[in-house]
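Q: Here you go, one structure.
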Amino acid sequence: MIESFRVRTVIVVLSVVFGALYLLPNFVDLPKGWWFHNQPIHYGLDIQGGAHLVYGVDVKSVIEEKVGRTARSLQGEFQEKNIPVDSVKASDDQKNIVLHFPASSKSKVETQISDYHGTQLQAVEETDTSMTLQFLNSYLDDLQEQIVRQAIEVIRNRVDEFGVSEPVIAAQGNSQVLVQLPGVSDPAEAKALIDKTAHLDFRIVSTEMAPADVQKLIDQAEKDGNYKLGKGEENGLPYGDYIKRLNKDLKGKIPDDTTVAFEKAPNALTLEAGKIPHLLTKDTDLTGDQLEDAYVGYEPDTGKPMVIFAFDPEGRRRFSQITGANVNRQMAIVLDEVVQSAPNINSKIDSATAQITLGSGRNHDEVMKEAQFIATTLRAGALPAALTQQEERNVGPTLGADSIQKGKVAGLVGLIAVAAFMIFWYRISGVVATGALLLNVFFLLAALSALGATLTLPGIAGIVLTMGMAVDANVIIYERIKEEMRKGSSWTGALKDGYSNAFSAILDSNVTTAMSGVVLFYFGTGPVRGFGVTLVAGIVTSMFTALFVTRYIYDFMILKMNTKSVSI
Amino acid sequence: MAVQDFGRIDFMKVSKLNAILSLVLTVLSFTVIYTKGFDYGVDFAGGIEVQVQFASPVSASQVRDFTTSIGYPDASVQAFGEDNEYLIRVGMEKGKDAEEANRLLNETVGKMRAGFKENFKDLQPNIRRVDTVGPQVGKELRNNGLLAGFYALLMILIYIGLRFDYEFAPGAVFCLFHDCVIVLGIYALCGLEVNTQTLAAILTLIGYSINDTIIIYDRVRENMPIYRSQNLWWVANRSINDTLSRTILTSGTTFITVFVMYFLAGGVIADFALTMMIGIVLGTYSSIYVAVPLVVLFENFHKKKVA
């Protein structure tokens, strides 16, 4: 008994120490390189205030557009290969591509499609002189995912401009994008920014000035005009306004027909944190509209990822002119006025597809990531997906502050009421249960901190509710002990039997409640998920405190304080 | 053996009366839900909810005049706590396609924000919360809600199936069903708003209120071999009495916390707490008066069939 008591002492002490360590960041500002957990509990938007927006991505229209473009590029291919066809058209519902050809071309058409489009298209209907093609399901799934990713990239680009700290931009379901902007209480501006259609430009980087000189001019202009990039800061301007103002101020100082635009530095989280200026020549007349497609391919020799993209005939003509005139200069890919990448033009490009190869000397994953990013950006400009706002939730800062204040008061009053009741009913044993309850709240908060969980208003309800449920275990044990004592057991015997007999009932009750909590976590949205988390975490911690810790306290009293019995 | 006492209270004596009461309440709840329907919040029905606070008191009719003036005479205006804070709900316009509905909702939010700032300039309107739910998201939330309810029930049913034999399982299941239906019936009858918090509370109740039933059933099984000479009716009574204090005390402590939340926490937590309060009371009642008598009923039925 004493052996196990020692082990249990170690367990209780260790868990308290770890709990305290996990809770520490919530109360103290820890130094940067703190060796242990350094994340305070994160509050949900319903508490800290902010905007929660859900956008529907119009995947369907993009796919329809894609069908039309594929039909056009097929037509081009047949022409190039001298395969006579009568017509290549998208069907009326924009779902299929319908080919009509002389019977003599049939085998050539079939070979062309299976050789070059085998992973993309399949024939669903065939006669000697016609064929109906459809996108493969796997291809459509990929396409859908790509379209949503593009939309995310476009939105991220614009939200960066908005200068919100810790925005969340993520896919939700199949065709939705979730945007969370903490601290933004009237998102009208943000919404206007997000609703715009993406605009992609190709512009040549001017070499007339050294980058360092451009940077100097920018610094000077910022100083003279007393403004800087960064919304919400003192004298800060959002990116759109900033770039307009800056270019107005730089007029005459930089060569005519050039403007300045910025690229996000590779390791910076936002444009404000690190921006690289580029001096760009004015329009090249080549925009995303003329881009047909872009995707990641691999260099034949080295297998290194690269970006492949294709223009429509008009775009292709323009592109070959521009690249011909600007060999060995950089071409900037500019999405919504932000430079995304500026690859070097190695030679005049006059082929059906163009390639962007990426710098060497980095590992495969990094190159792959960059290639995907550039391809996504290009596609975002080529096939912009319309966004519709489907959900908007706003919480102002005062409401959030009010709510958490009320939640804290309710939690405290609830705790006192439960403790008072337990002490009134069970005397010293009630005090033991109250001690365990306090420890439970402590462990629960530590667990939330350790899990990096987000605390929402329903989450607070979960914590308060757990306090009422945690003592249920004590009640079940105590009632059992009382019963055993009525039957004539000694205090220590009743204590032992009480704990062991009550265990299965306590486990049962916690398992069923935890099941509901898990279901709520999986199917709940936003704040309700937070409730699921606190409920389940609270059940786990309360099992520990109500069973293990209270038993430990009783044994401590018996072994160390020679207590003969405890009022119950 | 001397006549044994089964405890202080003869619960089973009134079991017939309670059976009728529960049955009537369940049927009534169904009828009310069917005829009256629920008052769904914006989460499920779609639409807009705006919570606005003024620096000094404003009458509800002033706010209603305002919503009418900007083109929403059907908006519901509800005081929220003090008389300087209001909840305004605007439903979705019917017969519009999703795209159009989203656009209209967006427009309405814009009008509300601008309108409040303009019309109540002197009262410093503070728009504290705006919820806009379009048709797609509303549908998604409804579907997720139904799925959540389905899976929670399924998991509990599997659990009950593993935990109890055929004599006990139906009673526990009916008990849950009875609690859920009556809670929802009360919501329909009183026109209380059904939203995601209500759903969360009901799912929590499903998990929580089964506990009392489990404790009593365990005791019935434990007592059956001990009191072999007694019939099930007596054993049931004895078991309820044995476990009565813990049944009431465990529900009581949890009730204390939700009671406190209802009065002090406000907002969405109060919604949640109200559902829990009703549910805990019902759950305790049904564990004693519905779950146990049903076991006796099934047992008697079974015996008759065998005989």
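Q: Out of A:Ile113, A:Ile147, A:Ile169, report the one residue that is without any contact (Cβ under 8 Å) to a residue 60 or more places away in the chain, under 30 Å from A:Asn394 (Cβ atoms) and surrounded by 20 or more Cβ atoms within 10 Å (Cβ to Cβ).
A: None of the others qualify; the one that does is A:Ile169.
Q: Right, A:Val413: within 13 Å of another protein chain (Cβ to nearest Cβ) and under 20 Å from A:Gly517 (Cβ atoms) or not?
A: Judged against the criteria, A:Val413 is not a match.
Q: Can you tell me which residue is modelled with the highest pLDDT among those in region A:243-269 that are part of a loop (DSSP other than H, G, I, E, B) and over 22 Å from A:Glu208 (Cβ atoms)?
A: A:Ala265
Q: If you go through region B:125-136 one residue at a time, do you hit one that is facing chain A (nearest Cβ under 10 Å), part of a helix (DSSP H, G or I) and among the hydrophobic types (A, V, I, L, M, F, W, C)?
A: no
Conditions tested, residue by residue: (1) under 19 Å from A:Asp160 (Cβ atoms); (2) part of a helix (DSSP H, G or I); (3) modelled with pLDDT under 85.
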site: A:Leu271; (1), (2), (3): yes, no, yes
site: A:Val307; (1), (2), (3): no, no, no
site: A:Arg318; (1), (2), (3): no, yes, no
site: A:Asn346; (1), (2), (3): no, no, no
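Q: Has region B:127-135 got at least one residue that is surrounded by fewer than 18 Cβ atoms within 10 Å (Cβ to Cβ) and not small (Gly, Ala, Ser)?
A: no
Q: Starting from region A:182-203, take each residue that is without any contact (Cβ under 8 Å) to a residue 60 or more places away in the chain and list its partners that are surrounded by 16 or more Cβ atoms within 10 Å (Cβ to Cβ), counting only C-beta distances under 6 angstrom and pairs at least six apart or across chains.
A: Listed pairs, sorted by first residue: A:Leu193/A:Arg158.
Q: Looking at the structure I just gave you, is A:Asp301 among the acidic types (Asp, Glu) and either touching a His at 6+ places or on another chain (Cβ under 6 Å) or over 20 Å from A:Glu370 (Cα atoms) (or both)?
A: No: the conditions fail for A:Asp301.
Q: When region A:382-410 is examined, which residues are found to be assigned to a helix (DSSP H, G or I), at the interface with chain B (Cβ under 7 Å from one of its Cβ atoms), in contact with a strand residue (DSSP E or B) (Cβ under 9 Å, 6 or more places away or on another chain) and surrounded by 19 or more Cβ atoms within 10 Å (Cβ to Cβ)?
A: A:Leu399, A:Ser403
Q: While we're looking at this one, here's another question. So, B:Ala152, is that one surrounded by 18 or more Cβ atoms within 10 Å (Cβ to Cβ), within 13 Å of another protein chain (Cβ to nearest Cβ), touching a residue at least 40 places away in the same chain (Cβ under 8 Å) and under 14 Å from A:Phe523 (Cα atoms) or not?
A: Here the answer is yes, as B:Ala152 does meet what is asked.
Q: State all residues of region A:348-381 that are in a loop (DSSP other than H, G, I, E, B) and free of Cβ contacts under 8 Å to residues at least 40 places away in the same chain; if no residue qualifies, say none.
A: If the condition is that a residue be in a loop (DSSP other than H, G, I, E, B) and free of Cβ contacts under 8 Å to residues at least 40 places away in the same chain, then A:Lys348, A:Ile349, A:Asp350, A:Ser351, A:Gly359, A:Gly361, A:Arg362, A:Asn363 are the ones that fit.
Q: Could you say whether any residue in region A:352-363 is at pLDDT below 85, under 27 Å from the mean Cα position of the chain (by Cα) and of a type in the set (A, V, I, L, M, F, W, C)?
A: Yes; the residues of region A:352-363 include at least one that is at pLDDT below 85, under 27 Å from the mean Cα position of the chain (by Cα) and of a type in the set (A, V, I, L, M, F, W, C).
Q: Of all residues in region B:253-273, which are under 15 Å from A:Gln405 (Cα atoms) and among the aliphatic types (A, V, I, L, M)?
A: B:Val260, B:Met261, B:Leu264, B:Ala265, B:Val268, B:Ile269, B:Ala270, listed by residue number.
Q: In addition: Test A:Thr525 against the stated conditions and say whether it is among the hydroxyl-bearing types (Ser, Thr, Tyr), touching a residue at least 24 places away in the same chain (Cβ under 8 Å) and facing chain B (nearest Cβ under 8 Å).
A: Criteria not met by A:Thr525.
Q: Just the residues that are without any contact (Cβ under 8 Å) to a residue 40 or more places away in the chain, part of a loop (DSSP other than H, G, I, E, B) and surrounded by fewer than 19 Cβ atoms within 10 Å (Cβ to Cβ), please, taken from region B:66-108.
A: B:Pro73, B:Asp74, B:Glu93, B:Lys94, B:Gly95, B:Lys96, B:Asp97
Q: While we're on this one: Name the residue, out of A:Lys95, A:Lys106, that is crowded, with 16+ Cβ neighbours inside 10 Å, basic (Lys, Arg) and assigned by TED's automatic domain parsing to the domain that holds A:Arg69.
A: A:Lys106
Q: I want to confirm something. Restricting to region A:342-381 and keeping residues that are buried (at least 18 other Cβ atoms within 10 Å of the Cβ) and small (Gly, Ala, Ser), which single residue is farthest from B:Gly46 (Cα to Cα)?
A: Ranking the candidates gives A:Ala354 first.
Residues are listed down the side, and each one gets a yes or a no for (1) closer than 27 Å to A:Phe262 by Cβ; (2) in contact with a strand residue (DSSP E or B) (Cβ under 7 Å, 6 or more places away or on another chain); (3) modelled with pLDDT of 90 or more:
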{"site": "A:Ser130", "(1), (2), (3)": "no, yes, yes"}
{"site": "A:Leu133", "(1), (2), (3)": "no, yes, yes"}
{"site": "A:Gln146", "(1), (2), (3)": "yes, no, no"}
{"site": "A:Arg156", "(1), (2), (3)": "yes, yes, no"}
{"site": "A:Val164", "(1), (2), (3)": "yes, yes, no"}
{"site": "A:Pro167", "(1), (2), (3)": "yes, yes, no"}
{"site": "A:Asn174", "(1), (2), (3)": "no, no, no"}
{"site": "A:Val184", "(1), (2), (3)": "yes, yes, no"}
{"site": "A:Pro187", "(1), (2), (3)": "yes, yes, no"}
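Q: Only one residue in B:Leu28, B:Leu23 is free of Cβ contacts under 8 Å to residues at least 40 places away in the same chain, out of contact with any Phe, Trp or Tyr (no Cβ under 9 Å at 6 or more places or on another chain) and within 30 Å of B:Ile240 (Cα to Cα), so which one is that?
A: Result: B:Leu23 is the single residue among B:Leu28, B:Leu23 that is free of Cβ contacts under 8 Å to residues at least 40 places away in the same chain, out of contact with any Phe, Trp or Tyr (no Cβ under 9 Å at 6 or more places or on another chain) and within 30 Å of B:Ile240 (Cα to Cα).
Q: What residue, of B:Asn144, B:Asn106, is more than 27 Å from A:Ile194 (Cα to Cα), within 8 Å of chain A (Cβ to nearest Cβ) and of a type in the set (S, T, N, Q)?
A: B:Asn144
Q: Checking A:Arg318 against (1) in contact (Cβ under 8 Å) with a residue 40 or more places away in the chain; (2) charged (D, E, K, R); (3) closer than 26 Å to A:Thr258 by Cα: exactly one of these is not met. Which one?
A: (1)
Q: For region A:450-480, give me the residue count where each residue is more than 7 Å from chain B (Cβ to nearest Cβ) and either free of Cβ contacts under 8 Å to residues at least 40 places away in the same chain or not small (Gly, Ala, Ser) (or both).
A: Qualifying residue count for the region: 10.
Q: Please tell me if A:Ser565 is crowded, with 18+ Cβ neighbours inside 10 Å and either within 22 Å of A:Met422 (Cα to Cα) or away from every other protein chain (no Cβ under 11 Å) (or both).
A: no
The values are calculated or read from the model by the stated rules, or taken from the named source; none is laboratory data. Small disclaimer: the values here were computed from a predicted structure and weren't measured. Note that each Cβ is placed from the backbone with ideal geometry, even for glycine, and that neighbours are counted across all protein chains shown.
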